[in-house]
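Engineer: Quick one: the structure is below, and I'll ask about it shortly.
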Amino acid sequence: NGAPLYGAQAELLIDTSKWEFVGEDESAVTVFNDFKAGVIESDSGIINKIKLIYVNPDQNNPGTITDSSLKIGQITLKAIAKGTSEIALSEYKVTKADGDPLSNVSAEPMKITITSGSSGGSTAPGTPVNENPIVSKDTDAAGTATIKASDIKEAKTLTVNGNTKVDNAVLEFDAKAVEMIKAAGSDDVKVNLSKVESSKLTEEQKTQMASLIEEDTMKDRPVYSFNVTVGDEKVSDFKGGKVSISLDYKLKLGEDPEKIVIFHLKNDGTIEVLKNCKYDVRTGKLSFNVGSFSYFVVGYTDELKATFTDVPLNAWYYESVYYLANKNIVKGRTETTFAPMQNITRAEFLQILYGITKPNDNDFKDPAYTDASKDAWYYNAVAWGTKEGVVAGSGGKFRPNDNVSRQEMAVMLNQFTDKVAKTKLNKASEAISFTDASNIASWAGSSVETMQQSGIISGFACDTGFRFAPAENATRAQAARMVAELLKQLEK
């Protein structure tokens, strides 16, 4: 008290699931001439920091606090949900005239209870404050909750309560998700919750699931479908909004609750594995958060097939890698990594082709390469590939650890098709005149042409069309994509 003050700043932590920052109120300031406040959102998107900055632009007339009741600033928050919320000062600093901080500044967190239907007024610690409308609806016998347009217009959050047909699922839409629903139109809102048999999934969705778990396991897993419509408009993507979902789930004998996962079968054809779902053994409730709707399957990690931490679900090679890995045709560089962007060696690629055939007779004639010993992990593949005419060495060497170029890969794939599979591939693509066709070796030209028109390989888009990059090293992802496409044609 009594110190000349030139400025102050503080950071408030608020839970944005219960509060919304409205703005600052300069009229309440009794010390400083200027006061600003703004929201700084944290990485989590759940807890926000509000930066409060109090500035006195008149250095010749510093403010002085002589009465503890004087205000140096005021902000307005709106309550948007019931519950108890603590508003805490994470940082505070007051500057004296000499530029040093005032050392005896202290603050205590405020704990505020927000209750429905309470009167407005003071926001002192423990004082109830008004909240924005929270709309809660139960589903009917058909699993649909109908929210009137007038109700959703004023709603800040929305809760939909399902019945036993959907394992008592509860969907809680946050403020941003509700805004996305409002933006879809002014008609009544319908939220449908249903539980479907896995056999009712589309063939594409079944294929999606088959890339992760065995088909006979899939039939025993619960599948849920959640949909929101506004009039005739379907709302699937909440664009940053969040829907918290909880439902009843009974653990199967021997299941570890820590290994429960949710498979999200997205509308774009990809699958997201929600491993951060939580199972409460006391209540039997499974909970998880999503940002879009479609189908959700309760899964178990022990049922997952091969998984690689470096093969994201939205990668262009995702399906190809798992298609081959789950057939035990390809393996990772480690148990948990596939290394998709690393170059693939001649031995690795030949081993993949060898894995497709799985020949019973490993007693092949020794190709007598000086750099392929009989105890090498790739020896049988090299002996088989040489015998079948899929590959050839030079100068008495096979060069197993050399990287495979794209044109070499095209030749090996073509030789495999002709001499091992003994088939002709169907034409799947129109011929492409590669801009770098003159760089393709004469011994690889026909193979590149055949594999390209069969849809097995493609080029890279460039300003003047497509280039093949024949001498560039092929990556493990590219190899997986090419072999998977070939195998799918051979299996037809």
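Engineer: Listed residues Val273, Val261, Val297; which is touching a Phe, Trp or Tyr at 6+ places or on another chain (Cβ under 8 Å), within 30 Å of Val178 (Cα to Cα) and modelled with pLDDT of 85 or more?
Structural biologist: Val297
Engineer: Just give me the residues in the range 466-482 being polar (S, T, N, Q) and in a helix (DSSP H, G or I), in sequence order.
Structural biologist: Gln478
Engineer: Can Tyr369 be described as in contact with a Gly (Cβ under 6 Å, 6 or more places away or on another chain) and at pLDDT 90 or above?
Structural biologist: Criteria met by Tyr369.
Engineer: On the given criteria, is Tyr249 aromatic (Phe, Trp, Tyr) and in contact (Cβ under 8 Å) with a residue 60 or more places away in the chain?
Structural biologist: Considered against the rule, which asks whether it is aromatic (Phe, Trp, Tyr) and in contact (Cβ under 8 Å) with a residue 60 or more places away in the chain, Tyr249 comes out as yes.
Engineer: While we're here: How about the range 330-358: which of its residues are under 27 Å from the mean Cα position of the chain (by Cα) and surrounded by 19 or more Cβ atoms within 10 Å (Cβ to Cβ)?
Structural biologist: Val330, Gly332, Phe338, Pro340
Engineer: Next up: Out of the residues in the range 151-170 that are in a loop (DSSP other than H, G, I, E, B) and of a type in the set (A, V, I, L, M, F, W, C), which is nearest to Val298 (Cα to Cα)?
Structural biologist: By that ranking, first place goes to Ala169.
Engineer: Could you check, for the range 342-359, whether at least one of its residues is out of contact with any Leu (no Cβ under 7 Å at 6 or more places or on another chain), modelled with pLDDT of 90 or more and part of a loop (DSSP other than H, G, I, E, B)?
Structural biologist: yes
Engineer: Go through the residues of the range 418-441 one by one and say whether even a single one is buried (at least 19 other Cβ atoms within 10 Å of the Cβ) and free of Cβ contacts under 8 Å to residues at least 40 places away in the same chain.
Structural biologist: Among the residues of the range 418-441, at least one is buried (at least 19 other Cβ atoms within 10 Å of the Cβ) and free of Cβ contacts under 8 Å to residues at least 40 places away in the same chain, which makes the answer yes.
Engineer: When the range 229-258 is examined, which residues are found to be among the charged types (D, E, K, R) and touching a Phe, Trp or Tyr at 6+ places or on another chain (Cβ under 7 Å)?
Structural biologist: Glu255
Engineer: Scanning the range 442-454 for residues that are in a loop (DSSP other than H, G, I, E, B) and surrounded by 13 or more Cβ atoms within 10 Å (Cβ to Cβ), which turns out modelled with the highest pLDDT?
Structural biologist: Residue satisfying both the conditions and the ranking: Ala444.
Engineer: Out of the range 181-197, which residues are in a helix (DSSP H, G or I) and surrounded by fewer than 18 Cβ atoms within 10 Å (Cβ to Cβ)?
Structural biologist: Within the range 181-197, Lys182, Ala183 qualify.
Engineer: Next up: Mind telling me which of the residues Ala383, Ala376 ends up being out of contact with any helix residue (DSSP H, G or I) (no Cβ under 7 Å at 6 or more places or on another chain) and assigned to a helix (DSSP H, G or I)?
Structural biologist: The conditions single out Ala383.
Engineer: Could you tell me which of the residues Gln478, Gln452 is within 34 Å of the chain's Cα centre (by Cα) and under 28 Å from Phe308 (Cα atoms)?
Structural biologist: Gln478
Engineer: Evaluate the following for Lys239: is it of a type outside the set (S, T, N, Q), closer than 19 Å to Ala177 by Cβ and either without any contact (Cβ under 8 Å) to a residue 24 or more places away in the chain or surrounded by fewer than 18 Cβ atoms within 10 Å (Cβ to Cβ) (or both)?
Structural biologist: The answer is yes for Lys239.
Engineer: Going through Leu425, Leu413 one at a time, which residue ends up being among the hydrophobic types (A, V, I, L, M, F, W, C), in contact with a Ser or Thr (Cβ under 8 Å, 6 or more places away or on another chain) and not in a loop (DSSP other than H, G, I, E, B)?
Structural biologist: Leu413
Engineer: Which condition breaks for Asp366 when tested against (1) under 26 Å from Arg333 (Cα atoms); (2) part of a loop (DSSP other than H, G, I, E, B); (3) in contact with a helix residue (DSSP H, G or I) (Cβ under 7 Å, 6 or more places away or on another chain); (4) not basic (Lys, Arg)?
Structural biologist: In the conditions (1) under 26 Å from Arg333 (Cα atoms); (2) part of a loop (DSSP other than H, G, I, E, B); (3) in contact with a helix residue (DSSP H, G or I) (Cβ under 7 Å, 6 or more places away or on another chain); (4) not basic (Lys, Arg), Asp366 misses (1) alone.
The values are calculated or read from the model by the stated rules, or taken from the named source; none is laboratory data. Here the structure is a predicted model, which means the values were calculated and not measured. Heads up, the Cβs are rebuilt from the backbone with ideal geometry, glycines too, and the neighbour counts pull from every protein chain shown.
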